[in-house]
Structure formats: C-alpha cells, structure tokens
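Here is the structure we will look at.
Read-outs: derived from the displayed coordinates by stated rules, not from any lab. As the structure is a prediction and not an experimental result, all values here were calculated from the model. In this analysis, Cβ positions are derived from the backbone assuming ideal geometry, glycine residues included, and neighbour counts consider all displayed protein chains.
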Amino acid sequence: MAEETFRFEDPDGYERMMGTWSRMAGEIFLEWLAPPPGMRWVDVGCGNGAFTELLVDRCAPAEVQGFDPSEAQLAFARTRPAARVAQFRQGDAMAQPFSDDTFDAAVMALVIFFVLDPAKAVAEMVRVVRPGGVVAAYAWDMLGGGFPLETLQAEMRGLGVTPSLAPSVAASRMDAMRELWTGAGLEAVETREITVQRSFADFDDVWTTSLLGTSAGRKIKAMPAGDVERLRQRWRARLTPDGAGRITCTARANAIKGRVPA
C-alpha cells in the first residue's frame, strides 16, 4: 500500500539524507514566515523532528506539538535537544489529535504529498489553529523536477525502473497548493519558491547518502547487483564535479502560507 511504502522507519538514515535537505529549505521557509516569538505551533507529520528542531531553535516558541504516524521516527525526535520544548506523539494528518483553536500556527514540512487526502489535512490544520493564525507548508516540487533525487530517479527510469511516487504527488504543485489553501477558506494566501543547494565530498558521498532512509534507496537495494552498478555509472556520468571533486545538487520546494479568517 502507498502509505506503507512511504512509512519511514529508518530515522538515522533519514536524518543524514532528507533531514539535512529539510533543514536547508526549512531555514528559508521560516525566514519567509517571519513569526514573532511566543507562538504555539503544531508540526504536522514531524517525522524525526528535523524541522521541529528548527522551530525550537529559531522561533522561541511557547509550545510545539509534533505528530507523525511512525513511532520509530518519533523515538528519534524525542532524543533531540528540541524535546526540551517540543512534545511528540503519534497522529494522523487527516484526523489531528487536538481541539479546535489550539495553536497560533500549523506547519507541514515535506509532507503534503504523502497524505492520502491533502484537502482533509489542510482543513484539519485550519481547525486546530485559532482565528488569525497561520497555516503554512513547503513541499518539494516533485512534478517540476525539484526533488533532491530527481536526477537519480531520471536514471532509474532510463533503466526501466519506476521510482515510487507518493500517493498525492500532484499536491506539491504550486497551483494545487494554492487551490488547497483557498479551498479551505484561508485568507491572505501567499506562495514562493525555495531553492537550495547541497555539496557532497565526491560521487561516493552523494551516492551513499542518497540511498539512506528513502523509498528510492529501498528500491535500489532490491535491484540486481548488475543493475545497481549500471545505475551508479549512469548517475556518475550525469553529475559534474568541481575541481576538487565535490558534487553540488540542487532542490526546489514550493511554499505557501495563509491566515485563518478572524
């Protein structure tokens, strides 16, 4: 099932791969939100707490509640320094475990394409945020080539291997996100693109890191050894190192924010 395919149960690997990418985009996202200190936040689909850590470090929150379906990810999140402020629990984005008007802001970091019913999840964020509060998200532009592993996935397709697609991948489009936010009745809706770059020591570094904690990595590890080596060589040829052998990869996310009507 799609929801099982994308249930991330390797928090250490996820931290080294996607956690780093998430924080890079998340820093720009929070600068754009420019929240005042002392807010009450909910981090929807918090995973291993990579973005939650940013909230605690950068936003001086009064409260942070993070929830996710994966207990393994939550266990990792509870070991973070952010746990001095944030609380973590299991929960479903489409049926959030909080009362109405509980928070000043709800955020969803790299999650909306994993939710089976994105409109229901956005409606739930609106429900748990007080009037005048903020509902915001960012997501890799999956269909526009913005995913950090887009070039690797292109080479997988070239070998006839279909990468796993998140169940609601179309929800990562900017126009789709805007429709979700306006459809939920949010006001003052704004969007922006977030572009980030990450450098790796060499090709071996980018290859090893990219297989950690992701659905692409699980699929590649299940391939025959000869196919894996062909994929490795194809991807190596596609990436251009600098004079020191470093590989720089680019990713792009779509971000959105809106206010709950007062």
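Rg/Rh for segment 111-262 (Cα atoms only, Rh after Kirkwood) is 1.07. Gyration tensor analysis over the Cα atoms of segment 43-122 returns equivalent ellipsoid semi-axes of 19, 15, 11 Å (largest first, whole Å). When only alpha carbons of segment 41-85 are considered, Rg and Dmax amount to 9.3, 27 Å. Only one item in (1) 23.5; (2) 19.6; (3) 13.4 matches mean projected area of the Cα convex hull in nm² derived from the coordinates shown, and that item is (3).
Taking ALA225, ALA77, ALA25 as the candidate residues, the one with maximal mean-square fluctuation in a Gaussian network model of the chain, Cα springs under 10 Å, is ALA225. Projecting the Cα atoms of ALA109, ILE256, GLY13 onto the dipole axis of the chain, where Lys and Arg carry +1 and Asp and Glu carry -1 at the beta carbon, places GLY13 farthest toward the positive end.
Summing charges over all other residues whose Cβ lies under 13 Å from the Cβ of THR208, with Lys and Arg as +1 and Asp and Glu as -1, gives +1. Determine the shape class of segment 70-174: with a ≥ b ≥ c the square roots of the Cα gyration tensor eigenvalues, call it rounded for a/c under 1.5, and otherwise prolate if a/b is greater than b/c, oblate otherwise. Because a/c hits 1.5 or more and a/b exceeds b/c, segment 70-174 counts as prolate.
A Gaussian network model of the chain, with springs between Cα atoms under 10 Å, assigns the largest mean-square fluctuation among ALA166, ALA121, ALA188 to ALA188. Just checking the listed ones, PHE103, PHE76, PHE51: in the Gaussian network model of the chain with Cα springs under 10 Å, the one fluctuating most is PHE76.
Based on the Stokes-Einstein relation at 20 °C and a viscosity of 1.002 mPa s, and on the Kirkwood radius from alpha carbon pairs, segment 9-147 is assigned a translational diffusion coefficient of 145 µm²/s.
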